[in-house]
1. Using Cα atoms only, what is the angle between the long axis of helix 411-428 and the major principal axis of the chain, expressed in degrees (0 to 90) to the nearest 10?
2. Heavy atoms only, 1.4 Å probe, whole protein assembly: order LYS220, LYS259, LYS344 by accessible area, highest first.
3. Each residue of the range 97-111 in order: what ³J(HN,Hα) in whole Hz does its phi give by Karplus 6.51 cos²θ - 1.76 cosθ + 1.60, θ = phi - 60°, with x for Gly and Pro?
4. Taking only Cα atoms and a 10 Å spring cutoff, compute GNM fluctuations for the chain and point out the largest among GLY177, GLY372, GLY27.
5. If you take the charge dipole of the chain about its Cα centre, with +1 on Lys and Arg Cβ and -1 on Asp and Glu Cβ, which of LEU226, VAL21, THR244 is farthest toward its positive end?
6. Using a 1.4 Å probe on the protein heavy atoms only, what accessible surface does MET343 show? Give it in Å² to the nearest 10.
7. Taking all protein chains together and a probe of 1.4 Å, list PHE390, PHE366, PHE49 from the most accessible to the least accessible.
8. Which value in deg cm²/dmol, rounded to the nearest 500, describes the helix-derived mean residue ellipticity at 222 nm for the chain, given -39,500 (n - 2.57) per DSSP H run of n ≥ 4 and division by the residue count?
Amino acid sequence: MRLIDLLALIAENLGRRKARVALTAIGVVIGTAAVVVLVSLGIGLQQSFNEGIQGIADLRQIDVYPQYDMGGRGMVASGGGGGGGEVPTPVPITNGTIRDIQAIPGVEAVIPRDWIQGEAYFEFGRLQGYPNLIGIGTDDLGLIGVEVLTGTTGIERGEVIVGAEFVNTGFFDPRTGPEWDPVTGMPVGNAPDLYNKPIRLVVAKYTSDGLRVTRAVSLKVVGITLKRGSESDYSVYMNLDEMTALNQWLTNRRINRDKEGYTQLVVRATDQNDVLDIADQITAMGFQAQSAQQYIQPLNNFYLVLQVIFGGVGAIALLVAAIGIANTMTMAILERTREIGLMKAVGATNRDVLGIFLGEAAGIGFVGGLGGISLGWVAGYLMNIAAIVFFSNSSGGFGFSGTTSAVVTPGWLMIGSLVFATFIGLVSGLYPALRAATLVPVIALKTE
């Protein structure tokens, strides 16, 4: 029997029993819709979580520090005498370290950072502010994921980029002192207009005689960061060489980066999928390597397990539907025994009969699958609308960002659900089809 004739016969047989086929397919519709909605919910939660993390952390960034492992890994023994034994000190992050890390495949940039090693504050008119001052070894803060609301991410000598929250709450009048919000307990700042204005950085130290000495540097504010709920909100970034010069003045000694090294490196990967592998290679070099990916990966695995569990719950409904298909096909064989005998008497083979009944069972699964993915997509769409309305009227929710969808239905899920529903129908009809194919024609013709 030709394939086109087989398909036509299957369609005709299903069309003769529309009510029974529809009732049987409803079970498949419900099961498929459950799979689509539940797995889509798991995917949506995972996607919302990842997008929320990306809003506050750069998933391509790795922070590298000296390895302070007292077990000795990554350590160099230093000094020892008087019975005190050897004290392990961390391997310094030198310029050679930067070159070695830069040579790792998948590394886009390696940027050194440092902090001020003494008292430092800004003066703007009559206002003062004590920042988290960071020296950065790049002329573009965009390489470390900093975004600006005003100005540019480019930074050169004599320039600073200021965090949005530091502008809003970090400055106060030293004559009256900081003001505090009695409700929130947060500082109430003066929010000066700093962009494109000169600002004075003052650093202070004490001499051996206890005399306080200050040094002032005039800097220009070339950018205000975009508020992201991260370090950049409260930080002020300046040129690393300028900060090194200030630290040398504060500590009264020359800083040799090839000996003392840097406090921290920021390593940026070309692809976030390479971050964990790059971090492992840096750790093997004897340094601490930390990234947001290390914390996100276990949670992504949790969401993957959640999707499997959700899919399993929906598959239970499909299993119930499979029993219904098997029952329907068994009843069809009992009703069509004489028809089967007649087909065999006129030349139909066991394979032809098997193909007809398997095709009918698969057809029920296919029709139910189409209805299920359609119902699942509509249900997901309505759930997204409800979620957007709910969260827009509330302060937020766990695992959901208003910029994305609570339920995400990818194309592969819809196609996979349709194939799975068809397969369930095919398997459910296997026993009845085998039973029909093995009927003896003479006995079948005698059946009333």
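The values are calculated or read from the model by the stated rules, or taken from the named source; none is laboratory data. Model, not experiment: these values are computed from the prediction. All Cβ positions, glycine included, derive from the backbone under ideal geometry; neighbour counts span all protein chains shown. Only protein heavy atoms, including side chains, enter the accessible area calculation; ligands, DNA and RNA are left aside. Shrake-Rupley method; radii C 1.70, N 1.55, O 1.52, S 1.80 Å.
1. 30 degrees
2. Numbers: LYS220 85, LYS259 150, LYS344 30 Å².
Largest accessible area first, the residues go LYS259, LYS220, LYS344.
3. Taking θ as phi minus 60°, the curve returns 4, 4, 5, 5, 5, 4, 7, 5, x, x, 8, 8, 8, 10, 10 Hz for the range 97-111.
4. Comparing GLY177, GLY372, GLY27 in the GNM, the peak value goes to GLY177.
5. VAL21
6. Roll a 1.4 Å probe over it and MET343 shows about 40 Å².
7. Numbers: PHE390 125, PHE366 95, PHE49 35 Å².
The most accessible residue leads, giving PHE390, PHE366, PHE49.
8. On the way: 12 runs with 217 residues, N = 448.
Computed mean residue ellipticity for the chain: -16500 deg cm²/dmol.
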